[in-house]
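Beneath this line is the structure, given in structure tokens, with notes to follow.
The values are calculated or read from the model by the stated rules, or taken from the named source; none is laboratory data. Keep in mind it's a predicted model, so treat the numbers as computed, not measured. Virtual Cβ from ideal backbone geometry, glycine too; neighbours counted across all protein chains shown.
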């Protein structure tokens, strides 16, 4: 019984790293009493898989964890039992069963969407109109966006253009927000702050990657119809 759990991470929990979040859920599942399946061998462990690690300091409303249960339990009961073990800043949003042949969240991950805002607005003197015009030159009208991306194996030249699926800039109550929908996964994993650092560099403004508050909206897989939220892959029982 493959089960997908969608959860949100906010508040002080954004400072808890991925490995500690894994351990947190292992303990939470034990406290919930859910009949989770364990691996075989001398060191059995709970069978679970996360879609993608969330960086420290980043909030999210679209995180995913796949587990396997030894018996079928109504989705509503799973959600309530897990939610009862959560601390402030962790919230179970949805539980669904996956089709038998469905890939796990990590293997099927193809894209993610984000909102970013300035950490220090006083360092950015650009109006919305100036930003929109710069975006037209950087993204909308560009045939390619050639950048250098650092990897574990060194550096490689990369065309960002086909890896940015959507890019928008809005302003609400004097607060400018950047929306980015980018390629995510094992092949081309693009961080939204990486895109913005190059966007501002194109304006002659150098900004560090940690110059933005980052909020992950959701993560997506791809099928014959296009991109689909990981939370919409399964079905409720």
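Of the residues screened, residue 125 is not one that is within 22 Å of residue 168 (Cα to Cα) and in contact with a strand residue (DSSP E or B) (Cβ under 9 Å, 6 or more places away or on another chain).
Taking the numbered list (1) closer than 19 Å to residue 215 by Cα; (2) surrounded by 11 or more Cβ atoms within 10 Å (Cβ to Cβ); (3) under 23 Å from the mean Cα position of the chain (by Cα) in turn, residue 97 passes all entries but (1).
From the list 7, 25, 42, which residue is farther than 30 Å from residue 170 by Cβ, touching a residue at least 24 places away in the same chain (Cβ under 8 Å) and outside the structural domain of residue 199 (by TED's automatic domain parsing)?
Numbers: 7 fails: farther than 30 Å from residue 170 by Cβ; 42 fails: touching a residue at least 24 places away in the same chain (Cβ under 8 Å).
One residue alone meets the criteria, 25.
When 90, 86 are screened for being buried (at least 19 other Cβ atoms within 10 Å of the Cβ) and at pLDDT 95 or above, only 90 passes. Within segment 102-115, the presence of at least one residue that is more than 21 Å from residue 225 (Cα to Cα), in contact with a strand residue (DSSP E or B) (Cβ under 8 Å, 6 or more places away or on another chain) and assigned by TED's automatic domain parsing to the domain that holds residue 218 is confirmed.
If only residues of segment 8-49 that are touching a strand residue (DSSP E or B) at 6+ places or on another chain (Cβ under 6 Å) and closer than 24 Å to residue 210 by Cα are counted, the one that is surrounded by the fewest Cβ atoms within 10 Å (Cβ to Cβ) is 10.
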